[in-house]
Amino acid sequence: MSNSLAEKQFAINENPWKMLLFLLLAQLMVAFVGRSIGPLGVLIGEDLSLTKSQIGMLPAALFLGQAIISVPAGFLTDLAGSRKLLVLASALMGLGFLFMTLLHDFWLVLLLIVIGGIGYGSMHPITNRGIIYWFPLKQRGTAMGIKQTGITAGSALASLILLPLSVAFGWRFVLLTACLLLLAGGFVSYHFYRDPPELEQAKGSSMSLLQFYRSMFKMFKNKALMLISFSALGLNGTQMCLNTYIVLFAYEQLKISIFLSGILLVISEVSGTIGRVAWGIISDRLFEGKRVVILMIITIITALASTSAAVITSAPFWVMVPITALFGFAASGFNGIWMNLASELVPKEQAGISSGISITLGSAGAIIIPPLFGFIVDKTGQFSSGWFLITGMMFIVFTLLTALTIMNKRNNFVI
């Protein structure tokens, strides 16, 4: 039996949920390193003497890398499949952050974070494409939600493990060690994951570069995809503001210890992990695969949580726990629903390009909004103005989703 035939036969015998495990592992390890920027921001800021606006530029740099690569990564995934790119994305993320730990100049640190962000951003279309091909429509919401928990779980683990270890041993040594674990995880995922036979056949008939650009510009004319992507811009920026500033907010304004402030981020990300699965299940089972209504509910909850944070000027840890949990459940839980929508609005063979374009536009929120949040806090001296910024953005997102709902009803199309 030829190697190619053996590969296909192996894939036929594989369980989709087993393949999901290795997609989840790759997503989790990339997030464990990439999203450590949030919990470690306070320590990196102290080390490099950064303002809050500059601290906000750290996750912005990560998502700038994601924005740069998302569309090309989508094309490469449509062309080559997910398996080979899993290890390449892990290597870019791991090596970018590994070298970053050796630098002391802020702008060089940002540059290496951008390089790491290229690996981080590549992982989304790579793993999304695997989900779209391995799972039928009424299982994708659940499968995508589970896969996307790798992001919030990785961030939660970074807060739970990397933050206290960094306080004890220094953020540079601890993050460097995490980068080595990421590189190992990438090779494990590559070794065990297989592309499904349907995708193997699709790779042989992949589009040319010219066809890719034609398809890409066609995507920009897809009004539903654009509305979803700009809605994700606001939600994505909100999620990164929560991840970046919840520790600083609790530590500096509420005078909660840095350890318990880090635990608030853990609570936020654990809640987001639960939310990504829960929203997917709710969408699949209660709303029969409808996604937009779920995003509207998420937007309302996020606005209520951000407003609650804005009006609090002093509170003990236990008061912040339910607010942070609700905030994380919504703002960090939306991602899987977004990824499903971005992938399902087009034919399966274009899922990589579609999700890549949507991720690029959605990433703009994580590039622009956290530094803006930090700038507002620097100028006003109060975090409340930043949280009210989030509330205002949720009104805009809800308006966009309402417009999408009206447009769909006119076209007799339900998503």
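Step by step: first the residues of the range 286-305, then only those that are outside any helix (DSSP H, G or I) and of a type outside the set (Phe, Trp, Tyr), then the one that is surrounded by the most Cβ atoms within 10 Å (Cβ to Cβ). Which residue is that? Walk me through how you get there before you give the answer.
As a first pass, look at the range 286-305 and keep what is outside any helix (DSSP H, G or I): 287-291.
Add one more test, that the residue is of a type outside the set (Phe, Trp, Tyr), and what stays is 288-291.
Numbers: Glu288: 10, Gly289: 16, Lys290: 17, Arg291: 25.
Once the filter is applied, the top-ranked residue is Arg291.
Within the range 77-93, the residues that satisfy the criterion of being within 20 Å of Val30 (Cα to Cα), surrounded by 21 or more Cβ atoms within 10 Å (Cβ to Cβ) and either out of contact with any Phe, Trp or Tyr (no Cβ under 6 Å at 6 or more places or on another chain) or acidic (Asp, Glu) (or both) are Thr77, Gly81, Ser82, Leu85, Ala89, Ser90, Leu92.
Go through the range 212-221 and give me each residue that's in contact (Cβ under 8 Å) with a residue 24 or more places away in the chain and either of a type in the set (D, E, K, R) or open to solvent by 40 Å² or more (accessible area, probe 1.4 Å) (or both).
To start, the set of residues in the range 212-221 that are in contact (Cβ under 8 Å) with a residue 24 or more places away in the chain comprises 212, 215-216, 219-220.
Phe220 - this is the single residue of the range 212-221 that is in contact (Cβ under 8 Å) with a residue 24 or more places away in the chain and either of a type in the set (D, E, K, R) or open to solvent by 40 Å² or more (accessible area, probe 1.4 Å) (or both).
Residue count for the range 90-109 satisfying the condition of being polar (S, T, N, Q) and under 20 Å from Ala73 (Cα atoms): 1. Of all the criteria given as (1) aliphatic (A, V, I, L, M); (2) at pLDDT 90 or above; (3) open to solvent by 60 Å² or more (accessible area, probe 1.4 Å), the one not satisfied by Ala250 is (3). So, in the range 333-377, of the ones that are touching a Leu at 6+ places or on another chain (Cβ under 7 Å) and small (Gly, Ala, Ser), which residue ends up surrounded by the most Cβ atoms within 10 Å (Cβ to Cβ)? Only one residue tops the list, namely Ser358.
Taking residues in the range 105-118 that are surrounded by fewer than 18 Cβ atoms within 10 Å (Cβ to Cβ), and partners anywhere that are not in a helix (DSSP H, G or I), the pairs with Cβ atoms closer than 8 Å and at least 6 places apart or on different chains are Phe106/Leu50.
Of the set (1) closer than 30 Å to Leu76 by Cβ; (2) touching a Phe, Trp or Tyr at 6+ places or on another chain (Cβ under 9 Å), all apply to Ser332 but (2). Quick check on the range 355-375. Is at least one of its residues at pLDDT below 80 and not in a helix (DSSP H, G or I)? No: the range 355-375 contains no residue that is at pLDDT below 80 and not in a helix (DSSP H, G or I). Look at the range 111-138 and say how many of its residues are in contact with a Pro (Cβ under 8 Å, 6 or more places away or on another chain) and among the hydroxyl-bearing types (Ser, Thr, Tyr). Number of matching residues: 1.
If you go through the range 137-166 and keep only what is of a type in the set (D, E, K, R) and open to solvent by 10 Å² or more (accessible area, probe 1.4 Å), you end up with Lys138, Arg140. Here the condition is being free of Cβ contacts under 8 Å to residues at least 12 places away in the same chain, open to solvent by 10 Å² or more (accessible area, probe 1.4 Å) and part of a helix (DSSP H, G or I); of Val319, Val266, Val277, it holds for Val319 alone.
The test for being modelled with pLDDT of 85 or more, under 25 Å from Gly65 (Cα atoms) and not acidic (Asp, Glu) holds for Gly328. Condition check for Phe259 on (1) of a type in the set (Phe, Trp, Tyr); (2) within 26 Å of Thr360 (Cβ to Cβ); (3) modelled with pLDDT under 90: one failure, at (2).
Of everything in the range 346-377, what is in contact (Cβ under 8 Å) with a residue 60 or more places away in the chain and over 22 Å from Phe63 (Cα atoms)? Give them in sequence order. If you could, list the steps in order and put the result at the bottom.
Applying the first criterion (in contact (Cβ under 8 Å) with a residue 60 or more places away in the chain) to the range 346-377 yields 346, 348-375, 377.
Result: Val346, Lys348, Glu349, Gln350.
The values are calculated or read from the model by the stated rules, or taken from the named source; none is laboratory data. Only a predicted model underlies this, so the values are computations on that prediction, with no experimental measurement involved. Note: ideal-geometry Cβ built from the backbone for every residue, glycine included; neighbour counts use all protein chains shown. Quick note on the areas: whole protein, heavy atoms, side chains included, nothing else; ligands and nucleic acids left out. Shrake-Rupley method; radii C 1.70, N 1.55, O 1.52, S 1.80 Å.
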